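The values are calculated or read from the model by the stated rules, or taken from the named source; none is laboratory data. Here the structure is a predicted model, which is why all the values come from computation and not from measurement. Every residue, glycine among them, receives a Cβ derived from its backbone with ideal geometry; neighbour counts consider all protein chains shown. Note: areas computed on protein heavy atoms with side chains; ligands, DNA, RNA excluded. Shrake-Rupley method; radii C 1.70, N 1.55, O 1.52, S 1.80 Å.
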Amino acid sequence: AVTVAAEACAEDTKGQTCFICTQALHWKTKEGLVRGCACRGTAGFAHVSCLAEQAKILFAEAEENNLANEVLADRWARWETCSLCEQRYHGVVLCALGWACWKTYAGRPETDPLRRCAMSLLGNGLGAASRHEDALSARKAELAMTRRLCTSESSILMTQGNLANTYSMLGRFEEAMLLRRDVYSGFLRINGEQHEKTVLTANNYAASLYHLQRFEEAKALLRKVMPVARRVLGENHTLTLDMICLKAVVLASDDGSTVDDLREAVTTLEDTERITRRVLGGAHPTTVKMERALQAMRATLAAREGDDVSAVRAALDAMKAT
């Protein structure tokens, strides 16, 4: 996984050095550099091994000194979040870090929560690298272990949500929707509507409704949740940006949307794409998805304004990739 990540990043990392060890090649593994976050310019280049060692040391220190849960959570986030731009790693870089994390904690007892957390991160990484069948195996094992150990309802819901995400990536939309509906209802009951997990699972549920062409239900849910996301998370949060993009895609896909609806969606998506590019950079998957959705939205609007049915269908086909 490290080799794949380094090869994928080779062009971007040429002539750079690791911000942790300051070397171009890792002194021990001789691996190349990666950068799979939102850093730009000369920032953020590192070796997967250096990132993994940094995360391991930081968390071990917090664990040894019995630091507060908030500190532990912040230190654990180093396994998948860049310490410089504070954005999550993506693609094959997250996959390599997922394997490194699993290798670090797999030897712990099954009852140790870190072992389950590491399995979850591995599943995230496999999914980010489009290895969805492998991710499905990890997700199912994680859910079985979580249920067996009788952990909190919140943990079980999160694990079910991860499994639903993998079902969705595999095109198993009905299974994904049923799980996501239950997960959203569970978090709404436990945490209330203004909690980040509730907002996240609502967005996932709306995405499943969209995939099943249940557009009215998707729009109703997004109208309910989007103001909460803006208020609680902020306009620049990646989840808020994702939600705006999803609403635009739903509007474009729904035959009942008016031309005025589409015009408003295009204007909103243009603003959101600029924010996403500024926050995450042009190469980030969320930015790429946003650009693709915007292109499809413009094509749909142009086709509807010209009453060109074939062009509308072509635009919607292009939108499926979002």
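Need the full-extension length gain, ARG278 to ASN236, defined as separation in residues times 0.36 nm minus the C-alpha distance. One decimal, nm.
14.2 nm
Across the chain, how many lysine pairs, 8 or more apart or on two chains, come within less than 16 Å at their alpha-carbon atoms?
For the chain, qualifying lysine pairs total 8.
Helices from the chain with mean Kyte-Doolittle at least -0.5 and a Cα length along the axis of 20 Å or more, per DSSP H: which?
Helices meeting the span and hydropathy rule in the chain are 48-64, 91-105, 113-128, 153-169, 173-191, 196-211, 215-232, 238-253, 285-305.
What whole-number value in cubic angstrom gives the convex hull volume per residue for the C-alpha atoms of the chain?
138 Å³
Leaving out ligands, DNA and RNA, what percent of the accessible area of the chain is carbon and sulfur, probe 1.4 Å?
51 percent
Pairs of Cα atoms under 8 Å, at least six residues apart: use those to get the relative contact order of the chain, whole percent.
10 percent
To the nearest 10 square angstrom, what accessible area does ILE244 show with a 1.4 Å probe?
Rounded to the nearest 10, that gives 10 Å².
For the range 167-229, what is Rg from Cα atoms divided by 2.2 N^0.38 Å, rounded to two decimals?
Taking the Cα Rg and dividing by 2.2 N^0.38 Å, one obtains 1.04.
Highest mean first, how do 253-261, 117-125, 285-293 rank when packing is the count of other Cβ atoms within 10 Å averaged over residues?
117-125, 285-293, 253-261
Quote the charge dipole size of the chain about the Cα centre in Debye, to the nearest 20; the model charges only the Cβ of Lys and Arg (+1) and of Asp and Glu (-1).
500 debye
Provide the packing ranking of 66-76, 41-51, i.e. peptides ordered by the mean count of other C-beta atoms within 10 Å per residue, highest first.
Highest to lowest by the protection proxy: 41-51, 66-76.
For the range 18-117, what is the per residue volume of the convex hull drawn over the alpha-carbon atoms, in cubic angstrom?
Measuring per residue, one finds 105 Å³ for the Cα hull of the range 18-117.
Which order do peptides 79-90, 21-32 fall in by mean Cβ count within 10 Å, highest first?
On the way: 79-90: 19.2, 21-32: 14.2.
Highest mean packing first, the order is 79-90, 21-32.
Can you give the FRET efficiency to the nearest 0.05 for GLN23 and GLU64, using r as the Cβ-Cβ distance and R₀ = 30 Å?
0.60
GluC sites (Glu not before Pro) within the range 167-200: which are DSSP loop residues with at most 15 other Cβ atoms inside 10 Å?
The qualifying sites are GLU193.
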